Amino acid sequence: MKRGPLLLLLFIAALAIIVAVAVSVLHDGLSARAKPSALETAIARSARKMAAPSGAHKAKNPVPDSQDVQREARLHFADHCAICHGNDGGGATLLGSGLYPKPPDLRVEETQELSDGDIFWIIENGVRLTGMPAFGGAGSEQDHDVEDTWKLVRFIRHLPTLTAEEKLEMEKYNPKGPDDRQEEQKESEFLNGVPAKSPSKSEPHHH
């Protein structure tokens, strides 16, 4: 394609994006609750496909698939990723639903058609202007390394066929808040025959 028509095409695409954003802002303000328009969704999908550089696209997964690899990755995903993506990869979580753009459904064709290298690069480097952080890189404080990332790629490939038993196991490894931990402790004490403590008069009541 000649330079003139290409520049015109890019100008039209940029103008369409500006119009879509302007309409969205006028209608919903800058709220993260808003549902992305069809155009915004299409742009976001295209951006995700272009997020990884061409060299990363061709990278092959060096970690062989196995039951052990799947389990390690499954529990890692439950601890690190499920807070936004959900144990099943669908993204229907409290935090994920509050993001804009929303986390993509990792089970569907738009994700599964990405190459292993693309998925690896996105996990390692994140995606700008979204809620997807970078989990790799020198000096990262995350409990995460390159091999973990390749294992996660294997698990993401498995998400469309995730079983109920696997999801149940993952729930035990999801991050828990103080209330959840206190509830688990009470259940454990009850099952072990520890008498329940009556609330002290000095203890404040929470509403």
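The values are calculated or read from the model by the stated rules, or taken from the named source; none is laboratory data. Computed from a predicted model, the values in this text were never measured in an experiment. SASA here: full protein model, heavy atoms, side chains in, ligands and nucleic acids out. Shrake-Rupley method; radii C 1.70, N 1.55, O 1.52, S 1.80 Å.
How far, in nm, would the chain grow between residue 83 and residue 112 when pulled straight, counting 0.36 nm per residue and subtracting the alpha carbon separation?
Residue separation times 0.36 nm, minus the Cα-Cα distance, leaves 8.4 nm.
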I'd like the accessible area for residue 83, computed on protein heavy atoms only with a 1.4 Å probe and all protein chains in place. Round to 10 Å², please.
90
Vicinal HN-Hα couplings computed from phi for segment 161-170 (Karplus, 6.51 cos²θ - 1.76 cosθ + 1.60; Hz; Gly/Pro x)
10, 4, 8, 4, 5, 5, 5, 5, 5, 5
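Taking a ≥ b ≥ c as the square roots of the Cα gyration tensor eigenvalues, with a/c under 1.5 meaning rounded and otherwise prolate when a/b beats b/c, else oblate, which class fits segment 60-156?
rounded
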Karplus-derived 3J(HN,Hα) from phi for segment 104-120 (6.51 cos²θ - 1.76 cosθ + 1.60, θ = phi - 60°), whole Hz, x at Gly and Pro, runs x, 6, 6, 8, 8, 4, 4, 8, 5, 7, 5, 6, 4, x, 4, 5, 4
Would you check the accessible area of residue 158, probe 1.4 Å, heavy atoms only, in square angstrom rounded to 10?
40
